[in-house]
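Student: Can you keep this structure in mind? I'll have questions shortly.
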Amino acid sequence: MKPLLQSETFVRIAAPLAVGILLIGMWEIGCRLASIPVYLFPRPSDIFVSLIKNGPSLLRALLVTLRVTLQAFAAAVVLGTLIAFTFVQSRAIEVSLFPYAVLLQVTPVVAIAPLIIILVKNTQLSLTICATLVALFPIISNTTLGLRSVDPGLANYFRMNRAGRLKTLIKLKIPGALPYFFGGLRISSGLALIGAVVAEFVAGTGGRSSGLAYEILDAGFTLDIPRMFAALLLITLTGVVLFGAMVSLSKLALSNWHESEIGAET
Amino acid sequence: MNAIVPGEPLNESTNRVTAGGDQPPAVEILSAEKVFSNGTRGLAPIDLSIADGEFLTLIGPSGCGKSTLLKLIANLIEPSDGRLLWWRGDFGQVGQDGRRFAFVFQEPTLMPWARVDANVRLPLELADVAKAKAAPIVAEAIELVGLSKFTRHFPRQLSGGMKMRVSIARALVTNPNLLLMDEPFGALDEFTRNKLDADLVRLWWERKLTAVFVTHSIYEAVFLSTRIIVMAANPGRIFRTMTIDHPQPRDEEFRGSSKFAAYCRELSTWLAEASLPPVSGGTP
């Protein structure tokens, strides 16, 4: 057993934690010393109190946002992968459809969200569609890139062994595309959350939604700034958890062979 | 200790020393030439017969078409004119009569996500051989190249020489009759290369393979081959042929002999001549 301070994992967790505690401590003390009013900039302790006090309503809001995020993320993964597979089937398909994927990507979701919310009656569904649109592109572009980045030597080998299209896809292209796919997952999971929150903001002005964005808007109207911070904290935490989950997933799948995940061992 | 893949009887009547007999030549190249799409003459018409059980090496300056010739033999490219026969038949018949060939590239070209055994199993998997049936064949091929202790390793955990061994094991699992190799050890250091050459020549002998080998190394060519084809460039053609008359399988003793040195010296002279620009008046 090594001393704690020499342990790599301990340092990796403890060092950022120490920085965080230090920053929060400075924030708390700074606010107290300068006696900044709560409605301008709350202290961490105020936020914590608000988090406890508004716990049930915030938690309900979190679940709403989380549901939209996860639904959108799942839809983006399934759709994005399918589209990527279609793209690599033929150059003609990719060339004719890729510009529209780009079009989808560059149009800000805030700009199309009102339209989608008007067109789709079900709020939950309309929010999910908005978030999916945001999260879709990284999956498409990364997976397409991955499926195309096959080692030419290996591709040659498969051809020489008269491997069929399906076998080449399963045995060669899909495993080769995994590192790119997981890279896409990481970006996309964060974007799904952003898309969900942005769409809620747009919908929330109509008072039809009750996600975390609505909590923030509502807190703004009532100048309940600690509640605003508490909701913000929950959004951030959700993003971190999502990202962490994707990192672990990628590690689980690639740690044996891909350069990006090697280093944890040896 | 003759290594035989289970269930695949070897043809014991194969005549190892002479190319004649009733054994049909493994490959016949009949006035095959290659002109590339940009008009370059890769290969002038070539006539060459590769006997069954022969170890034939192609050597020559860059641009002499040795890799092109190997690709023609592997049917990776088609001749612009002339034709090739494999065991007196068309390429379409190869495989139907149980005859196979395997190709070892310059690079190991292994799947980085698959362990050594899975990499070696790949050709069997592509041929729809059941996993249970493939397992002993795979294990034996891995043992033949001396990697039994590394069955569950990933390619990134192996050295360059070991990766090349995996690549050779992968070529052996299909129990090929004809083994085609394009500078397989070119990227390795000399010590590793000598060791792999010695193992290769032993495998070739034990498995009664026909081998066609492309190299840049004079020593490697003399050590391995029963016959060496020296090629020249512009256009790619056969310059001269050398037969290495020494019993097989060869060992390190041959490498140190004066006979070996003499062969190397002569081959080196020939290569220098082959590298000279063509005599004026040769081309209109």
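The values are calculated or read from the model by the stated rules, or taken from the named source; none is laboratory data. Keep in mind it's a predicted model, so treat the numbers as computed, not measured. Here the Cβ is made from the backbone with ideal geometry for all residues, glycine too, and neighbour counts use every protein chain on show.
Student: Does region A:54-77 contain any residue that is assigned to a helix (DSSP H, G or I), free of Cβ contacts under 8 Å to residues at least 40 places away in the same chain and within 23 Å of A:Phe182 (Cα to Cα)? Please lay out each step first, then the result.
Tutor: Here is the first cut: in region A:54-77, the residues assigned to a helix (DSSP H, G or I) are A:55-77.
From what is left, the residues that are free of Cβ contacts under 8 Å to residues at least 40 places away in the same chain are A:55-56, A:59, A:63, A:74.
Now drop any that are not within 23 Å of A:Phe182 (Cα to Cα), which leaves A:74.
Yes.
Student: Confirm whether A:Val150 is in the same structural domain as A:Tyr100 (by TED's automatic domain parsing), part of a helix (DSSP H, G or I) and not polar (S, T, N, Q). Please lay out each step first, then the result.
Tutor: Numbers: in the same structural domain as A:Tyr100 (by TED's automatic domain parsing): yes; part of a helix (DSSP H, G or I): no; not polar (S, T, N, Q): yes.
It is false that A:Val150 is in the same structural domain as A:Tyr100 (by TED's automatic domain parsing), part of a helix (DSSP H, G or I) and not polar (S, T, N, Q).
Student: Inside region B:131-142, can you point out the residues that are in contact (Cβ under 8 Å) with a residue 40 or more places away in the chain and either in contact with a strand residue (DSSP E or B) (Cβ under 8 Å, 6 or more places away or on another chain) or surrounded by fewer than 20 Cβ atoms within 10 Å (Cβ to Cβ) (or both)?
Tutor: B:Pro136, B:Glu140
Student: Out of everything in region B:236-253 that is in contact with a strand residue (DSSP E or B) (Cβ under 8 Å, 6 or more places away or on another chain) and in contact (Cβ under 8 Å) with a residue 40 or more places away in the chain, what residue ends up being nearest to B:Leu200 (Cα to Cα)? Lay out the reasoning, then the answer.
Tutor: First pass over region B:236-253, keeping only residues in contact with a strand residue (DSSP E or B) (Cβ under 8 Å, 6 or more places away or on another chain): B:236-244, B:248.
Okay, now just the ones that are also in contact (Cβ under 8 Å) with a residue 40 or more places away in the chain, so B:236-239, B:248.
Numbers: B:Gly236: 28, B:Arg237: 27, B:Ile238: 25, B:Phe239: 26, B:Gln248: 12 Å.
Out of the qualifying residues, it is B:Gln248.
Student: If only one of A:Thr86, A:Thr144 is farther than 19 Å from A:Phe243 by Cα and in contact (Cβ under 8 Å) with a residue 60 or more places away in the chain, which one is it? Steps first, please.
Tutor: On the way: A:Thr86 fails: in contact (Cβ under 8 Å) with a residue 60 or more places away in the chain.
None of the other options fit; the residue is A:Thr144.
Student: While we're on this one: Among the residues of region A:182-194, write down those that are over 16 Å from A:Gln71 (Cβ atoms) and surrounded by fewer than 22 Cβ atoms within 10 Å (Cβ to Cβ). I'd like the intermediate steps shown before the answer.
Tutor: Filtering region A:182-194 down to residues over 16 Å from A:Gln71 (Cβ atoms) leaves A:182-184, A:186-187.
Within region A:182-194, A:Gly183, A:Arg186, A:Ile187 qualify.
Student: In addition: Across region B:131-147, what is the total count of residues that are under 21 Å from B:Asp197 (Cα atoms) and part of a helix (DSSP H, G or I)?
Tutor: Residues of region B:131-147 that are under 21 Å from B:Asp197 (Cα atoms), as a first pass: B:140-147.
Filter once more, so that each one left must be part of a helix (DSSP H, G or I): B:140-144.
Residues flagged as under 21 Å from B:Asp197 (Cα atoms) and part of a helix (DSSP H, G or I) within region B:131-147 amount to 5.
Student: Specify the residue that is surrounded by the most Cβ atoms within 10 Å (Cβ to Cβ); the eligible residues are those in region B:148-163 that are touching a helix residue (DSSP H, G or I) at 6+ places or on another chain (Cβ under 9 Å), in a helix (DSSP H, G or I) and more than 13 Å from chain A (Cβ to nearest Cβ).
Tutor: Looking only at region B:148-163, we keep the residues that are touching a helix residue (DSSP H, G or I) at 6+ places or on another chain (Cβ under 9 Å), and these are B:148, B:150-163.
Subsequent filtering for residues that are in a helix (DSSP H, G or I) retains B:148, B:150, B:155-157, B:160-163.
The next check asks that each one be more than 13 Å from chain A (Cβ to nearest Cβ); those that pass are B:148, B:150, B:160-162.
Working: B:Ser148: 12, B:Phe150: 18, B:Gly160: 14, B:Gly161: 17, B:Met162: 20.
Of everything passing the filter in region B:148-163, B:Met162 is surrounded by the most Cβ atoms within 10 Å (Cβ to Cβ).
Student: Restricting to region B:38-83, count the residues that are part of a strand (DSSP E or B) and over 17 Å from the mean Cα position of the chain (by Cα). Steps first, please.
Tutor: The first filter runs over region B:38-83 and keeps only residues part of a strand (DSSP E or B), leaving B:41-50, B:55-59, B:81-83.
Within this subset, residues satisfying the condition of being over 17 Å from the mean Cα position of the chain (by Cα) are B:41-47, B:81-83.
Going through region B:38-83 one residue at a time, the tally reaches 10.
Student: Would you point out which residue out of B:Asp128, B:Asp90 is among the acidic types (Asp, Glu), away from chain A (no Cβ under 12 Å) and loosely packed, with under 14 Cβ neighbours inside 10 Å?
Tutor: On the way: B:Asp128 fails: away from chain A (no Cβ under 12 Å).
None of the others qualify; the one that does is B:Asp90.
Student: Right, here's the next one. Which residue out of A:Ile139, A:Ile129, A:Ile47 is in the same structural domain as A:Thr168 (by TED's automatic domain parsing), closer than 21 Å to A:Gly239 by Cα, crowded, with 18+ Cβ neighbours inside 10 Å and touching a Pro at 6+ places or on another chain (Cβ under 8 Å)?
Tutor: Values: A:Ile139 fails: touching a Pro at 6+ places or on another chain (Cβ under 8 Å); A:Ile129 fails: touching a Pro at 6+ places or on another chain (Cβ under 8 Å).
After ruling out the rest, the residue left standing is A:Ile47.
Student: May I pose another question? Among what's in region B:103-120 and is more than 9 Å from chain A (Cβ to nearest Cβ) and buried (at least 23 other Cβ atoms within 10 Å of the Cβ), pick the residue that is farthest from the chain's Cα centre (by Cα). Can you show your working first?
Tutor: Looking only at region B:103-120, we keep the residues that are more than 9 Å from chain A (Cβ to nearest Cβ), and these are B:104, B:116-120.
Those still in the list that are buried (at least 23 other Cβ atoms within 10 Å of the Cβ) too: B:104, B:116, B:119-120.
Working: B:Val104: 7, B:Val116: 22, B:Asn119: 20, B:Val120: 18 Å.
Within region B:103-120, the match that is farthest from the chain's Cα centre (by Cα) is B:Val116.
Student: Continuing with this model, one more query. Among all residue pairs at least 6 apart or on different chains, which show Cβ distances below 9 Å where the first residue, located in region A:147-167, is surrounded by fewer than 16 Cβ atoms within 10 Å (Cβ to Cβ) and the second is of a type in the set (Gly, Ala, Ser) and in a loop (DSSP other than H, G, I, E, B)?
Tutor: The qualifying pairs are A:Arg162/B:Gly95; A:Arg162/B:Ala127.
Student: For region A:61-109, name all the residues that are aromatic (Phe, Trp, Tyr) and either under 16 Å from A:Ser188 (Cα atoms) or loosely packed, with under 14 Cβ neighbours inside 10 Å (or both).
Tutor: Narrowing region A:61-109 to residues aromatic (Phe, Trp, Tyr): A:73, A:85, A:87, A:98, A:100.
Correct list: A:Phe73, A:Tyr100.
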